[in-house]
Amino acid sequence: MGLLFAKKRNDGKLVKDEDSLIRIMPYIMRGRNESVIYFARSYNVEAIQEFIRDKRAEGKRITLFNIIVAAMLQTIYRRPKINRFVAGRRLYEHNDISILYAVKTRMTDDALESIAKVKLNPSDTIYDVAERMQNNINMIKDDQLKTDDKLIRFVVKLPRSFLQFALWIVRLMDFYGIMPKALMEATPLYSSMYISHLGSVGADAPFHHLYEFGTTSIFITIGRVYDAPYKGKDNQVEWRQTVDLKFSIDERICDGFYLIKSLKVFDKFMQNPADLEHSPLFHEQEYKQLMAEIRQRKETREAREAREKSD
């Protein structure tokens, strides 16, 4: 019986020190789609396109999708509260950083669509992200059924009443945090976020719903690249390559102030893709080194001023 009141989960750690308003929200807004908020962002991608061309000239294949995922890794590492989820009316932080995205084996109506999951590390650069994503895509396009695909194919063959009962049991285990880790790994929608690249099929980016099943608190859609007007020199109109991203976010994971600052961090990496050649850990070490140099210069200056006063 104690398991039903346990606060531990296999996929996340309980958030204990959050503001009381954040902690009460899962009781006021019980579902993700009741709690969802929407953000639309547009990015001039000409710097990204130039970066991609330069890397391909060096024999390194990078895509816009890779850059968006790598920029999100950098953002989550710096702003960990956006890597949270609500389960069982409690707030948790994911144990890892993982991204879901859909892959079709072929661009036909009846081709298999599978959900790929890539786990990211703080030591990952844009090249690590690109390689891992490409490996997932290659595996799916080689018609290699993943564990989650096999599980879904099996359960959909069950009688409706049994399937409905089985999913009720799974939801109950998830609510109380007693779902086996192996079942979580085999079930789609347990991740930090889901990203859908609709621009790859020439579509615009819509706002997407969140899934009530699983732990995914953020859904991002990527639209097609198109020409958009910008204010140029002497107030002249300049047309530049642009992409729209639409964010659907469970607002219970953090307050609005924290979320807006997090999106600004993401903006920074979208505007400066070359920064993605270094891992989040590199940037942290670089920042610590800079702070150490500033402290050392300050101490040297204070020591010099103290000597001058004593003289």
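Every number in this text was worked out from the coordinates using simple rules, so none of it is lab data. Keep in mind it's a predicted model, so treat the numbers as computed, not measured. Counting neighbours? That spans all protein chains shown, and the Cβs are built from the backbone with ideal geometry, glycine included.
So between ALA102 and ASN135, what do we pick up on full extension, going 0.36 nm a residue minus the alpha carbon distance?
Working: separation 33, 0.36 × 33 = 11.88 nm, distance 1.38 nm.
Stretched fully, the ALA102-ASN135 segment lengthens by 10.5 nm.
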Subject >> Note, ³J(HN,Hα) from phi for region 174-191, Karplus 6.51, -1.76, 1.60, rounded to Hz, x at Gly and Pro >> reply: 5, 4, 8, x, 10, 6, x, 4, 4, 6, 4, 5, 8, 10, x, 5, 9, 6
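Hey, with R₀ at 30 Å, roughly what FRET efficiency would ASP54 and GLU113 work out to, going by the Cβ-Cβ distance, to 0.05? Numbers along the way, then the final one.
Numbers: r = 33 Å, r/R0 = 1.09.
It comes out at approximately 0.35.
Report the gain in length on full extension from ALA303 to VAL156: 0.36 nm times residue separation, minus Cα-Cα distance, nm rounded to one decimal.
Values: separation 147, 0.36 × 147 = 52.92 nm, distance 7.39 nm.
Extending this stretch completely gives an extra 45.5 nm.
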Original post:
Of all DSSP beta bridges in the chain, what percent run antiparallel (nearest 5)?
Top reply: 85 percent
**OP:** Enumerate the calculated ³J(HN,Hα) couplings along region 50-57 in order (Karplus 6.51 cos²θ - 1.76 cosθ + 1.60, θ = phi - 60°), each rounded to whole Hz, writing x wherever the residue is Gly or Pro.
**Re:** 5, 4, 4, 4, 5, 5, 5, 5
Original post:
Considering the chain as a Gaussian network with a 10 Å cut-off on Cα pairs, which listed residue, ARG297, ARG41, ARG61, attains the greatest mean-square fluctuation?
Top reply: ARG297
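Magnitude of the Cβ-charge dipole of the chain, K/R +1 and D/E -1, about the Cα centre, nearest 20 debye? Numbers along the way, then the final one.
Values: 50 positive and 43 negative charges, 175 e Å.
Approximately 840 debye in magnitude.
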**OP:** Show me 186-199, 92-105, 226-239 ranked by packing, highest mean number of other Cβ atoms within 10 Å first.
**Re:** 186-199, 92-105, 226-239
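Rounded, prolate or oblate: pick one for region 59-106, where a ≥ b ≥ c are the square roots of the eigenvalues of its C-alpha gyration tensor, a/c under 1.5 means rounded, and failing that, prolate if a/b is larger than b/c, else oblate.
Working: a/c = 4.01, a/b = 1.70, b/c = 2.35.
Oblate, since a/c reaches 1.5 and b/c is not below a/b.
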**OP:** Go through ILE28, ILE52, MET72 and say which Cα lies farthest out towards the positive end of the charge dipole of region 1-109; charges sit on Cβ, +1 for Lys and Arg, -1 for Asp and Glu.
**Re:** ILE28
Original post:
Roughly how many nanometres apart are two label points built 7 Å out from the Cα toward the Cβ at ALA47 and GLU212?
Top reply: 4.2 nm
**OP:** Go through LYS7/LYS246; LYS7/LYS81; LYS119/LYS181; LYS60/LYS150; LYS117/LYS246; LYS55/LYS261 and tell me which ones have a Cα-Cα distance over 27 Å in this structure.
**Re:** LYS7/LYS246; LYS60/LYS150; LYS55/LYS261
Original post:
GNM, the chain, Cα, under 10 Å: largest mean-square fluctuation among MET107, MET184, MET270?
Top reply: MET107
Original post:
Calculated FRET efficiency, THR63 and TYR38, Cβ-Cβ r, R0 35 Å, to nearest 0.05?
Top reply: 0.90
**OP:** Kindly express, to the nearest 10 degrees and within the range 0 to 90, the angle between helix 64-78's C-alpha long axis and the longest C-alpha principal axis of the chain.
**Re:** 70 degrees
